[in-house]
1. Answer yes or no as to whether residue A:63 is closer than 13 Å to residue A:33 by Cβ, in contact with a helix residue (DSSP H, G or I) (Cβ under 8 Å, 6 or more places away or on another chain) and surrounded by fewer than 16 Cβ atoms within 10 Å (Cβ to Cβ).
2. Of all residues in region A:26-60 being of a type in the set (Asp, Glu) and assigned to a helix (DSSP H, G or I), which is nearest to the other protein chains (Cβ to nearest Cβ)?
3. Please find, among A:245, A:254, the residue that is buried (at least 20 other Cβ atoms within 10 Å of the Cβ), among the basic types (Lys, Arg) and not in a helix (DSSP H, G or I).
4. Being facing chain B (nearest Cβ under 9 Å), surrounded by fewer than 23 Cβ atoms within 10 Å (Cβ to Cβ) and assigned to a helix (DSSP H, G or I) is the requirement here; does residue A:219 meet it?
5. Being in contact with a strand residue (DSSP E or B) (Cβ under 6 Å, 6 or more places away or on another chain) and either of a type in the set (Val, Ile, Thr) or in contact (Cβ under 8 Å) with a residue 60 or more places away in the chain (or both) is the filter here, so list the residues in region A:163-176 that pass it.
6. Given the condition buried (at least 22 other Cβ atoms within 10 Å of the Cβ) and among the aliphatic types (A, V, I, L, M), answer yes or no: does some residue in region A:84-93 qualify?
7. Residue pairs, Cβ under 7 Å, 6 or more apart or interchain, first in region A:203-227 and over 21 Å from residue B:232 (Cβ atoms) and free of Cβ contacts under 8 Å to residues at least 24 places away in the same chain, second among the charged types (D, E, K, R) and assigned to a loop (DSSP other than H, G, I, E, B). List them.
8. Among (1) facing another protein chain (nearest Cβ under 10 Å); (2) part of a helix (DSSP H, G or I), there is one condition residue A:232 misses while meeting the rest; what is its number?
Amino acid sequence: MNLAQALQSASLTDPGRVRDHNEDCVELRPEIGLYVLADGMGGYNAGEVASGMATSLIADGLAETWNPREVDRLSRDEAMALAERLIGEQIARANTAIYTTSQNNPECAGMGTTLVVCLFYDNFVSVAHIGDSRLYRLRGEAMEQVTRDHSLLQEQLDSGLITPEEAKLSQNRNLVTKALGIDPAVEPELHVYECEPEDLYLLCSDGLNDMVEDEEIRLTLITLRSNPSLTVQQLVQAANDNGGRDNVSAMLVRVAEPFAVARGWLARFKALFR
Amino acid sequence: MAKLILSVDGQVLKEHVLTKERTLIGRKPHNDIPIDNLAVSGEHAAIITILNDSFIEDLGSTNGTMVNGKPIKKHFLQANDVIEIGKHKLKYFNDAPSQASAADFEKTMIIRSPAKAAAPAAPAAPAAPAAERVPSDTVTNMKAPAPEVVKPAAAPAAPTAHADHAPLPDAAIQVLSGAAAGRTLDLTKNLTTIGKPGLQVAVITKRPNGYFITHVEGASYPNLNGASLGAQAHPLADHDMIEIAGVKMEFFFKP
């Protein structure tokens, strides 16, 4: 199974119309089905240090430890459990590295980053996230927000203190309740989801979903679904046309064909000769 | 910092800065904003403030609380809202965004101890136990059944006019050849796709600074005024000729 062929992907990150530098960072490893997006914060210019460390450390760490050929020998459940464990370990490692750097370098004090990690394997996607960077999924014509923000606003929504309509007017939208690299330890939220052919997965920073309404994102995904690179360009452009007040990043993964792993003794035997 | 200005019959009585998480308004003297009037209940209403947001809640008062002329039980306060309690008025001011520059204000920040006390009993999001939580009742088959020449995007997108630009003139395309010759399609959506799915598709994007055409799918690019479009977006001018999937059409601004 060639993951890079089954999954079409594209990504784009842009400083936006207002900020002079980009604190977002994206990293793709299509050969192992890995997609990472981070939105840095804190320090004077240390936000991009944190997001850059997070994406490169996690992508490199998983590229070393997650070997699809070896994972093919495991059962599907074992593979799911392993994916979750390795993603958790790499996030913990990146957290320690960012936290230590911020403790030892005054110019990096207080830096941190949000994070979304997607690892695709055997028709499932393992998703980890921290903070308010999001994963959306388009299936058919329905778009769903897969991740739930770790933000003050989301907590207020959950507790019924404010309605989704009121949330759009809130002055508190920039406050996250969890971030990578802020404390000695962090607990990411980890879930596994089944994938279906023609699903679209959109990873994005809040610079996209704060500037572009969900409905407009959905229509863009539907209208341009055959062309991921045009879709991310169009989304970033829409955020900038609407004001571009923050850095904006979008990363799109399209399930072009199923990517199930062949199991059974014959498949394993063949795998020896790949 | 948000504040309330208390007045009665147009006379300003006092100004109260909302520093506390819970600010009580009522007739009895222990209230943070006491209003000594018989129309006001002992503890009439409370303002709950969480960082830059404030809410007002009526505490089961006898005569009720109004905001902007409407009776409320709970209300998310917006700048310049007017709260009415009996004959007394409290105007809500929130100048938080003007204190810091807009860009600074919107920077993402970490909040260490989430305001759990203020958001009572925020239940932890129910953990999603993997696969079975994924709804599977959605339609998977998206392919348009018959190739149609002109297919506008599914539903209207929110208007996104931008203050920097003069309003964009309305535009449309007219089909000049093929089965749909003579048909006109108004470009009202932000994205309008044209062509035949699977063969050759382009999208016309309506942006604050004009209309643009971009190739979406197909092995070859559509033609614009006789030349190949290429992979880049092209701005559209009045009476530009588009040729896509063997069909000619003309872009024009509506008078």
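1. Numbers: closer than 13 Å to residue A:33 by Cβ: yes; in contact with a helix residue (DSSP H, G or I) (Cβ under 8 Å, 6 or more places away or on another chain): yes; surrounded by fewer than 16 Cβ atoms within 10 Å (Cβ to Cβ): yes.
Yes.
2. Only one residue tops the list, namely A:48.
3. Of A:245, A:254, the one residue that is buried (at least 20 other Cβ atoms within 10 Å of the Cβ), among the basic types (Lys, Arg) and not in a helix (DSSP H, G or I) is A:254.
4. Yes.
5. A:176
6. yes
7. Listed by first residue and then by second, the contacts come to nothing, as the list is empty.
8. Exception for residue A:232: condition (1).
The values are calculated or read from the model by the stated rules, or taken from the named source; none is laboratory data. What you see is a predicted model; the values in this text were computed from it and never measured. With ideal geometry, Cβ positions are generated from the backbone for all residues, glycine too; neighbour counts draw on all protein chains shown.
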